[in-house]
Amino acid sequence: MLIPIIIVIGLIVVAGLVYMGLRDDKSRDPLQERLAQYGEREIPQSLEEIELSLSFRDRILIPLLRQIASVTVRFTPEKQLEETRRLIELAGKAGSLEPTTFFALRIIATIGLGLGAFMVFFVLSSSIAPTQAILYTIGGAAIGYFFPLLWIRGKISRRQDGIQKALPDALDLLVICVEAGLGFDAAMGKVYEKWDNDLAIAFGRVLKEIQLGKARRESLKDMSDRMEVPDVISFTAAIIQADQLGVSMATILRVQSDQMRVKRRQRAQEKAHQAPVKMMIPMVMLIFPSIWIVLLGPAAIILMGSQGTTGAF
């Protein structure tokens, strides 16, 4: 009885580490936040007092996860680290999640779900054959290994959809600002000031890179590489070409804005045409059986009752 209890406790700890790791934000400094809170109060006695006032998550769980990550990096190929870094960058988590931490999460999830499947199918279920239990355990470990990858890919998909939807409105604002007399960089600054989405944050990063001395065309190309959205790639290519050829920026932005709105309308029409096909599956599987039961159920009951009465005669 002691072994299942130990396994349950280990699973709880593993689940807590995975959850805290997914919510880890390295851009935030808990110690600085606590110091800022003490700035409005009386001066603390010592740094140890401030550290002890941090939460259990900031003092124990996150440092433990980072230590595990530092161990896993020694056994991880550099190519996989680069691919993971690329996925994290596409998901917009470059400042808050490191590739080593992501690999640590995958290892913890693999061990945790593998132990969970082992406990359920080996310890708690005695009616399952050992071969099937082994397969279920391997399946649980495989789910734990691929679940963080599915999570990061879902983040990438949602981010790309959000950027694709926000681009036409951002282009409209750029057109208004440029036609009002602002430069292209100042127009991007207006988008960055007015909005708080992934596209505006990307524009802000481009402006910071330009201020640090990076060429505009390189900054825009890097922005499109960090997104991998076809509309953004087309937009940045047009801006770079206009910058090189000396074409009017307002004209290029106007044309790009019109094209993006046409594409957004076409995508909406495409989804509208796909809706009946997608609705067919739940209608056939869920709605039609219910309707048949409501309509044909009383008739079936009457027929069964009439057959019983005829048999009695």
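By how many nm would the segment from Ile111 to Val294 lengthen if fully extended, with 0.36 nm per residue of separation less the alpha-carbon distance?
So the chain would gain 61.0 nm between Ile111 and Val294.
Compute the FRET efficiency between Glu179 and Ser306 as 1/(1 + (r/R0)^6), taking r as their Cβ-Cβ distance and R0 = 51 Å, and round to the nearest 0.05. Show your work: numbers first, answer last.
Values: r = 80 Å, r/R0 = 1.57.
Computed FRET efficiency for Glu179 and Ser306: 0.05.
Calculate, for Arg261 and Asp225, the FRET efficiency according to 1/(1 + (r/R0)^6) with r their C-beta to C-beta distance and R0 22 Å; round to the nearest 0.05.
Taking R0 as 22 Å, the efficiency between Arg261 and Asp225 is 0.35.
Once you have the Cα-Cα distance between Ala268 and Val123, take 0.36 nm times their residue separation minus that, and quote the gain in nm to one decimal.
47.0 nm is the gain from fully extending Ala268 to Val123.
Using 7 Å Cα-to-Cβ label points, what is the Lys208/Ile134 separation (nm, one decimal)?
5.3 nm
Could you calculate the contour length gain from Gln244 to Lys278, that is, 0.36 nm times the residue separation minus the distance between their Cα atoms, to one decimal place in nm?
Once the chain is fully extended between Gln244 and Lys278, it gains 7.6 nm.
Bear in mind that the values in this text are calculations on the coordinates, not laboratory data. Since this is a predicted model, take the numbers as computed values, not measurements. Virtual Cβ from ideal backbone geometry, glycine too; neighbours counted across all protein chains shown.
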